[in-house]
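This report refers to the structure that appears directly beneath it.
The values are calculated or read from the model by the stated rules, or taken from the named source; none is laboratory data. Quantities reported herein were computed from a predicted structural model and do not represent experimental measurements. Because the Cβ atoms are built from the backbone with ideal geometry, glycine has one as well, and the counts that use them run over all protein chains shown. Just the protein is used for accessible areas: all its heavy atoms, side chains included, with ligands, DNA and RNA removed. Shrake-Rupley method; radii C 1.70, N 1.55, O 1.52, S 1.80 Å.
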Amino acid sequence: MWNKIFSQLNLIRFGLAIISVAVIILILPRADHQSFSFEENQPWKYPLLTADFDTPILRDSASARKMRDSINRVFVPFVKRDYKTEKENIERFSHLVEPHSSSQERTLLKKLLKETFNDGVLDSKLFENVASRGDHALRLVDSEPGNSPEKSRTVVSVNAAGMLSPARAFARIDSVYNATFSPDSQRLSPEIGKALNMCLAPNIVIDTATDYKYRSQEYLNVTGAMGVIKKGQRIVDRGEIITPQIFTNLNTYIEMMNKRQGHSGNHTYFILGQALYIIIVYILLYSFMSLYRSRFFSNVRQMMFLMSFITLFVVFSIAMFEYVANGIYLVPFAAVPVIILVFFDSRTAIFALITTILISSLVAIYQFQFIFMELCVGLTATFSIRQLSRRSQLLRTAIVSFAAYTVSYFAMCLLTEGNLSNFSPKILGMFAVNSVILSFAYILILVIEKIFGFTSTVTLVELSDINSPLLRQLAEEAPGTFQHSMQVSTLAAEAARAIGANTTLVRTGALYHDIGKMKSPIFFTENQHGVNPHAGLDPETSAHKIISHVTDGLAIAAKEKLPMVIRSFISEHHGKGITKYFYNTAVNENPDKVIDKANFQYPGPNPRTKETAILMMADSVEAASRSLKTFTPEAIGALVDKIIDSQIADGLLKEAPISLRDIETVKDTFKKRLSTIYHSRVVYPEMNKSTATAEAQSHEAEAEPVNKDGHKTENAG
């Protein structure tokens with residue numbers, strides 16, 4: 001069964017890594033070069049860019065457009081005669097005008113239409129093109145009907161001065177017709193005019209294929225390269241204004257890079273390289289977690305948070321790089337160790353920082369500069385905060401991070417350029433914004449607490465405030481229990497510090513471990529003042545009253561929405577121990593009866609963390625120490641050993657990850673602390689009668705007035 005559970009946990013952990021790699025690969029830029037964001041007539045904001053291969057220099061768009069317009073103005077279009085259109089429209093015209101004209105009129109109109117088609121009818125746009133050129137020339141691709149295209153195609157230059165647009169052809173036919181048949185009306189009949197409009201279709205049309213072919217040859221002077229940027233030659237340098245020509249060179253370079261990548265098949269290998277790089281980084285992270293932080297590695301929820309946090313941070317970094325100029329420097333990488341430190345520890349936080357920076361460097365312009373600066377800032381933030389207990393600490397961390405950014409940026413400018421010519425105040429402004437964002441990291445901490453059910457040190461510190469409503473209520477309703485909780489909190493925190501446990505967690509958990517006693521405070525010794533309500537109860541009922549403070553405490557904690565980590569102190573501080581006083585009393589009072597231990601046993605569970613184990617020991621030792629008659633170091637030492645050895649013998653600490661060495665350290669800490677609390681005081685000696693009389697006379701003499709020579713003055717009265 002355990003092997004099956006272990007296999008499932010491994011599957012989940014490695015599934016998280018695979019999903020993270022897939023998400024990051026999916027969002028990474030699809031190119032084996034750095035992505036750039038640039039605009040025409042704006043300065044180049046990246047370092048010097050040189051060509052990785054020979055790149056042709058093409059004309060910029062404005063110059064190319066101007067040359068094309070010039071070519072189009074003088075280019076003689078290629079056209080062809082559409083014999084089919086001529087024939088069909090002449091036949092169609094005869095059919096349309098037959099009911100509305102005489103034979104003589106039809107003959108003249110057909111003759112005029114044929115002559116017009118023979119001269120050539122152009123569409124309006126082509127007619128304007130011919131009219132705008134002085135030579136009035138067209139190049140005609142003539143194709144005789146009935147012959148194959150290969151044998152009949154002939155290109156000739158023709159004078160198009162006599163060719164007409166449909167409107168002008170209509171006007172000419174109208175003029176001749178009216179001059180012959182109707183000189184007074186000067187217009188065609190509506191039916192004939194309509195038929196003529198419908199049939200005067202252009203029969204000289206652009207030969208699209210041939211025209212495109214010859215026009216493209218002319219365009220070669222525009223699209224052809226004016227020169228070559230050799231491999232290793234400068235394309236653009238930092239701060240240089242991007243002229244239209246540089247803009248074209250950059251686009252040409254990027255386009256060629258994409259084509260080379262696509263044609264060579266290197267893109268797949270590039271993605272595989274990215275995936276392998278990320279996998280190696282994650283292997284290092286997982287190795288560290290499994291070898292040195294196994295308690296975190298075995299916790300699926302904590303690993304899920306760690307991998308999700310790193311993945312989302314990397315995705316955010318890539319998005320900022322892609323869509324915001326220099327946006328990667330707006331990403332507060334220092335927030336990674338700060339937030340991880342709150343829920344894990346410093347070494348895990350530093351390793352998470354390194355992992356995040358190494359993966360994010362895949363999109364950085366200069367990886368060395370990026371890694372150096374972000375590591376400097378992230379480590380500085382980690383060292384400055386150590387343990388986040390107040391939100392105000394984040395402001396100090398933000399200021400320190402900005403200073404680290406400034407110094408590291410200054411160093412990189414000197415290292416890469418040899419001077420400060422590229423030291424940009426704008427970049428410093430971005431670092432300032434970065435640091436301001438870092439100072440609001442506590443908002444993200446609160447969100448993480450809600451999503452993953454974690455409890456941060458900040459929350460624990462807030463809960464440990466004795467002025468909080470629940471602790472004030474405890475102090476008012478059960479003052480003895482409140483004082484006991486305060487003493488236990490101090491004692492447990494000292495022990496936790498001695499063995500490297502979570503001091504803040506122990507201190508806070510100890511303050512709340514007995515809140516269940518508020519329901520019936522009089523049943524507990526520390527709250528009694530001469531009256532003992534257990535005197536009239538049988539041992540089993542008394543035991544039930546005592547045991548119920550655990551379940552009552554859990555109910556109060558649930559109502560007040562205390563974190564689960566605090567509730568564990570309530571449920572585990574007695575473990576599955578026995579209320580020995582009442583159990584022994586029951587056994588003594590009923591020597592012939594078998595007493596069921598279950599009726600005198602706490603619900604548990606036994607302590608499962610170092611912190612709850614420390615609380616169990618501190619709680620029992622502090623309570624027992626109140627019954628000591630003498631507070632010599634020997635008596636205190638014997639009491640501590642007896643209490644804790646008894647808990648070990650009863651198996652109450654066997655589920656807690658605490659070693660015997662740690663337990664001995666805890667014992668020594670308790671002994672020293674209790675000896676300090678209950679130290680013997682010095683007995684002040686009483687003054688005898690003769691000494692008291694002499695001292696009184698001395699005080700009276702000091703009170704008599706003296707003159708300026710030091711002699712006593714006489715009382716004038």
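To the nearest 20 Debye, how big is the dipole of the chain about its Cα centre, given +1 on the beta carbon of each Lys and Arg and -1 on that of each Asp and Glu?
Value, rounded to 20: 1760 debye.
Taking θ as phi - 60° and the Karplus parameters 6.51, -1.76 and 1.60, the scalar couplings of segment 393-408 work out to 5, 5, 5, 4, 4, 4, 5, 5, 5, 4, 4, 5, 4, 4, 5, 5 Hz in sequence order, x denoting glycine and proline.
Please list, ordered by chain and number, the residues whose modelled amide H lies under 5 Å from the amide H of residue 235; skip anything fewer than 5 residues away on the same chain. Correct list: 49, 50, 51. Note on segment 291-385: with neighbouring protein chains present and a 1.4 Å probe, carbon and sulfur make up 67 percent of its accessible heavy-atom surface. Between helix 367-385 and the chain there is an angle of about 30 degrees, using the helix long axis and the longest principal axis of the Cα atoms.
Would you compute, from DSSP H runs of 4+ residues alone, the mean residue ellipticity of the chain at 222 nm, taking -39500 (n - 2.57) per run and dividing by the full residue count, rounded to the nearest 500? Mind dumping the intermediate values first?
Numbers: 30 runs with 451 residues, N = 717.
Mean residue ellipticity, 222 nm, calculated: -20500 deg cm²/dmol.
Partner aspartates and glutamates whose Cα lies under 17 Å from the Cα of residue 671, excluding those fewer than 8 positions away in the same chain, are identified as 494, 619, 622, 634, 641, 645, 662.
Applying the criteria of a DSSP loop state and at most 10 other Cβ atoms within 10 Å to the trypsin sites (Lys or Arg not before Pro) of segment 541-610 yields 561, 593.
To the nearest 10 degrees, how steep is helix 660-677 against the longest Cα principal axis of the chain, on a 0 to 90 scale? Once rounded, the angle reads 60 degrees.
Heavy-atom accessible surface of residue 133, to the nearest 10 Å², is about 20 Å², with a 1.4 Å probe and all protein chains retained.
Out of all DSSP beta bridges with both ends in the chain, state the antiparallel percent to the nearest 5. The partial results should precede the final answer.
Working: 17 of 22 bridges.
In the chain, approximately 75 percent of DSSP beta bridges are antiparallel ones.
With K and R counted +1 and D and E -1, the other residues having a Cβ less than 14 Å from that of residue 539 yield a net charge of 0. Sorting 219, 212 by solvent-accessible area of protein heavy atoms yields 212, 219, largest first, with a 1.4 Å probe.
So how much slack lies between residue 114 and residue 629, counting 0.36 nm per residue of separation and subtracting their Cα-Cα distance, in nm? It would help to have the intermediate numbers written out before the result.
Values: separation 515, 0.36 × 515 = 185.40 nm, distance 13.71 nm.
Contour length minus Cα-Cα distance gives 171.7 nm.
So what is the accessible area of the chain per residue, in Å², with the probe set to 1.4 Å?
Values: 38760 Å² over 717 residues.
That works out to 54 Å² for each residue.
Could you tell me what percent of the accessible area of segment 533-670 is made up of carbon and sulfur, with a 1.4 Å probe and every protein chain present? Accessible surface attributable to carbon and sulfur in segment 533-670 totals 53 percent.
Counting only alpha carbon atoms, the long axis of helix 633-649 and the longest principal axis of the chain meet at about 50°.
May I ask you to rank 413, 376 by accessible area, largest first, using a 1.4 Å probe over the protein chains only? Please list the in-between numbers first.
Details: 413 10, 376 45 Å².
Listed by decreasing accessible area, they come as 376, 413.
Each of 87, 667 has its accessible area taken with a 1.4 Å probe; listed largest first, they run 87, 667. The loop-placed trypsin sites (Lys or Arg not before Pro) in segment 616-664, going by DSSP, that have at most 14 neighbouring Cβ atoms within 10 Å of their Cβ come out as 626, 629, 654. Taking 25 Å as the straight-line reach from the Cα of residue 450, the lysines in range (excluding those fewer than 8 positions away in the same chain) are 559, 561, 610. Exposed loop sites, defined as GluC sites (Glu not before Pro) outside DSSP H, G, I, E and B with at most 13 other Cβ atoms within 10 Å, are absent from the longest region of the chain, namely 40-685. Projecting the Cα atoms of 286, 216, 177 onto the charge dipole of the chain, computed from C-beta unit charges around the Cα centre, puts 177 farthest toward the positive end. Given 74, 445, 601, which one lies farthest toward the positive end of the charge dipole of the chain, if we put +1 on the Cβ of every Lys and Arg and -1 on the Cβ of every Asp and Glu? After comparing all options, I get 74. The length gained by stretching the chain between residue 104 and residue 72 to full extension, at 0.36 nm per residue less their Cα-Cα distance, is 6.9 nm.
Among the protein heavy atoms, those of residue 461 account for about 50 Å² of accessible surface (1.4 Å probe, every chain in place).
Excluding same-chain neighbours fewer than eight residues apart, the lysines reachable from residue 593 by a Cα-Cα span under 27 Å are 545, 576, 580.
Within segment 37-94, which chymotrypsin sites (Phe, Trp or Tyr not before Pro) sit in a loop by DSSP and count at most 11 neighbouring Cβ atoms inside 10 Å?
Details: sites: 38, 44, 53, 75, 78, 83, 93; in loops: 38, 44, 53, 75.
Hits after loop and neighbour filter: nothing returned.
Distances between placed amide hydrogens fall under 5 Å for residue 203 paired with 121, all partners being 5 or more residues away or on another chain. Note on segment 596-659: with charges restricted to the Cβ of Lys and Arg (+1) and Asp and Glu (-1), its dipole about the Cα centre is near 40 debye.
Shown here: Cα extents along the principal axes in Å, derived from the displayed model; of the candidates (i) 90, 84, 47; (ii) 163, 92, 63; (iii) 106, 72, 51, it corresponds to (ii).
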